[in-house]
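J.: Just passing along the structure, written as structure tokens.
Just so you know, all these numbers are worked out from the coordinates, no wet-lab data involved. Nothing here was measured: the structure is a model prediction, and the numbers come from that model. Positions of Cβ are backbone-derived with ideal geometry, glycine not excepted, and every protein chain shown enters the neighbour counts.
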Amino acid sequence: MRRRLAYLLASVVLTLGALITLSLTRGQDQVGLPPGALPGAAQKGGAVGRMPESRPARDVSKLTPLGQQMALSAQRGADWLMRANRPDGRFEYGFLPALKSRMEGDHYLRQAGAAFALARAARYFGDERHTAVARQAVLTLLADTTTDEKKTVRYTTLPSMVVNRLAAAGLLVLAINELPEATNELLEQSEQLCNYIRQQQQADGSLCYTDAPGDPKASADDPDGINYYPGEALAGLMRSQQVRPAPWKTDLARKALAFYRPWWQKNKNMAFVPWQSAAFAEAYLLTGEKPFADFVAEMNDWICTLQYTMLDPRHPLWIGGFMGWMDGKAISSPPQIGSAAYAEGLAEACRAMKKAGDRERLHKYGEALERCLQFTATLQYSEANTQHFADWYRPRLLGGFHASDQDGNLRIDYTQHAICAQVRYLAVVSGE
């Protein structure tokens, strides 16, 4: 009996200790931090750093009214991501506003995507606060990678069945190369990640997105992966070509084009378009080779046919968003924040068509892009649509993008795609 009582007392003590530890670690909430506190940027010795007091250096007053609206929206979205960054360098995955609670679940790829989006916004607006948080997020994510014996190839420590290594490499390369003034050490790690992408290319030009190249059973476990992972890797590789050019990178893109263009023509899928557009638009801007631009145009001509362009009195909020695609045909479904990804693809297509001198497509893609950006703007939390929330809770929401007009939940990748599309649009209209 005494022995049981001793065990019971010991378990109570251990439980109380765990609860105290949990309260100390989880209690480091970003909401309510004093102005200037830098989430996620712990200095040597464990103290939380101070955030630079700078504001965006870019003057957007000369933009069109829509451009100014998008600039303000992108800045607010980047501020939301910055506030969502935790002291450990990672982003809070999401929030359930109706329940005033955090969203369960997380994924490395979405963390990398958020770091990329914040870095892109920091580069465009020149905001040192965003730069500092994005850099810290990148460093945190790189801590979960390793190298081969020769230290020439870098990849995530977890296998692709948990974190897809090909996609992770692409997103990390994007994030690193979007950082303003990335250090040589970071750029070297970017090149190691690029080397991983290089070794994944197969003889037919495709990029293997499993850890078992040549094994059809491995890719059969994730058949939808081809619509995402290779495009993310190619987009990262082409972005790195701007900073660390190498002939093999464009050679890889040419071989990939020879595989993915005919594959997509036989297997049209909306999810495939944004990342592949980003990759091959960048390849065209770097090389001027027409086949790259032709594929970008082909994909985005098709995407434009799936946009809600006419005002429907029954669904007035749908205009500008995109319908769904299932079993080889379009379906009339409520548009979601995922439409922002197609806006990203359209923005990249605008860049390519501008260089190609294709005014007709540039005009068509530009109109479709602006309609979509106006749609996604309706899904952003602002002061006007958060008045029913408590004052202490409102900072969790302001600037973030929610799932749809019927779903107010927040997730970091929702804001990631919206910011990336907006910033690319701003670069296009600014002539950059």
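J.: Let me know the number of lysine pairs in the stretch 144-267 closer than 29 Å at the Cα, not counting same-chain pairs under 8 apart.
T.: 9
J.: Which value at 222 nm does the chain reach when only helices count, each DSSP H run of 4 or more adding -39,500 (n - 2.57), with the total divided by all residues and rounded to the nearest 500 deg cm²/dmol?
T.: Numbers: 14 runs with 234 residues, N = 432.
So the helix-based figure for the chain works out to -18000 deg cm²/dmol.
J.: Using a Gaussian network model on the chain with a 10 Å cutoff between Cα atoms, which of 140, 386, 210 fluctuates the most?
T.: With Cα springs under 10 Å in the chain, the top fluctuation among 140, 386, 210 is at 386.
J.: Would you mind getting me the FRET efficiency between residue 98 and residue 68? Use the beta-carbon distance for r and R0 = 35 Å, nearest 0.05. Intermediate values should be presented prior to the final figure.
T.: Working: r = 32 Å, r/R0 = 0.91.
Result of the calculation: an efficiency of 0.65.
J.: Using a cut-off of 14 Å between beta-carbons, work out the net charge of the residues near residue 375 (Lys and Arg +1, Asp and Glu -1, residue 375 not included). Could you put the intermediate results ahead of the total?
T.: On the way: positive: 371; negative: 312, 344, 367, 370, 405.
Surrounding charge for residue 375 is -4.
J.: Another question, if that's okay. Where does helix 272-287 land angle-wise versus the long Cα axis of the chain, in degrees 0 to 90, nearest 10?
T.: 60
J.: Nearest 10 degrees, 0 to 90: what angle lies between the long axis of helix 247-266 and the longest principal axis of the chain (Cα atoms)?
T.: 80
J.: If you take Cα extents along the principal axes in Å from the coordinates, which of (i) 141, 49, 40; (ii) 70, 42, 38; (iii) 81, 55, 44 do you get?
T.: Answer by label: (iii).
J.: Right, another one. Considering only 202, 422, 241, give the residue with the highest GNM mean-square fluctuation for the chain, with springs between Cα atoms whenever their separation is below 10 Å.
T.: 202
J.: Next question, about the same structure. Would you list which aspartates and glutamates come within 20 Å of residue 355, measuring only between C-alpha atoms, while excluding same-chain residues fewer than 8 positions from it?
T.: 282, 289, 294, 298, 301, 344, 367, 370, 432
J.: Determine which lysines satisfy two conditions relative to residue 354: a Cα distance under 17 Å, and not lying fewer than 8 residues away in the same chain.
T.: Counting by Cα, and skipping residues close in sequence, residue 354 has these lysines nearby: 290, 364.
J.: Against the longest alpha carbon principal axis of the chain, how many degrees, from 0 to 90 and to the nearest 10, is the axis of helix 65-84 turned?
T.: Its long axis makes an angle of about 30 degrees.
J.: How large is the direction-averaged shadow of the alpha-carbon convex hull of the stretch 144-267, in nm²?
T.: Working: hull surface 30.8 nm².
Hull-based average projected area comes out at 7.7 nm².
J.: Amide H of residue 85 versus every other amide H placed in the peptide plane: which residues, excluding those fewer than 5 positions away on the same chain, fall under 5 Å?
T.: Excluding prolines and chain starts, which carry no amide H, the hits are 92.
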